[in-house]
Amino acid sequence: MNDRKIAFITCVSDESEYAECRFYLERLYIPEGFTVDYLCIQGAPSMAAGYNAAMEDSDAKYKVYLHQDVFIKYVNFIPDLLAV
């Protein structure tokens with residue numbers, strides 16, 4: 001498990017909505033020494049199955065599960081998440 005990595009895991013059925021979701025994710029402040037993965041799950045039989053598959057594929061300690069129509073606009077989301 002990589003304790004310096006955050007994975008944003010998104011089940012996607014609408015590419016345009018995901019593009020906007022990703023637009024905001026890529027603008028989040030990333031603390032020094034951390035890396036971010038963006039996992040886009042498509043064609044899963046269910047959201048739960050998609051999220052579960054991505055969870056097992058990622059070595060990130062911190063995993064954020066979100067739907068394609070969630071737009072995280074608060075740029076300090078990651079530092080605040082790590083502080084909790």
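At a glance:
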{"quantity": "Restricting the range 12-56 to residues that are of a type in the set (Ser, Thr, Tyr) and closer than 20 Å to Ile72 by Cα, the residue that is surrounded by the fewest Cβ atoms within 10 Å (Cβ to Cβ)", "calculated": "Ser16"}
{"quantity": "Verdict on Ile78 being modelled with pLDDT under 95, surrounded by 12 or more Cβ atoms within 10 Å (Cβ to Cβ) and either in a helix (DSSP H, G or I) or among the β-branched types (Val, Ile, Thr) (or both)", "calculated": "no"}
{"quantity": "Ile9, sole failed condition from (1) under 21 Å from Val84 (Cα atoms); (2) touching a helix residue (DSSP H, G or I) at 6+ places or on another chain (Cβ under 7 Å); (3) open to solvent by 70 Å² or more (accessible area, probe 1.4 Å)", "calculated": "(3)"}
{"quantity": "Test: residue in the range 61-75 that is without any contact (Cβ under 8 Å) to a residue 12 or more places away in the chain and either assigned to a helix (DSSP H, G or I) or in contact with a Ser or Thr (Cβ under 9 Å, 6 or more places away or on another chain) (or both)", "calculated": "no"}
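The values are calculated or read from the model by the stated rules, or taken from the named source; none is laboratory data. Owing to the predicted nature of the structure, the values given are computational and were not obtained by experimental measurement. Using ideal geometry, Cβ is built from the backbone for each residue, glycine included, and neighbour counts are taken over all protein chains shown. Keep in mind that these areas ignore ligands, DNA and RNA; they rest on the heavy atoms of the full protein, side chains included. Shrake-Rupley method; radii C 1.70, N 1.55, O 1.52, S 1.80 Å.
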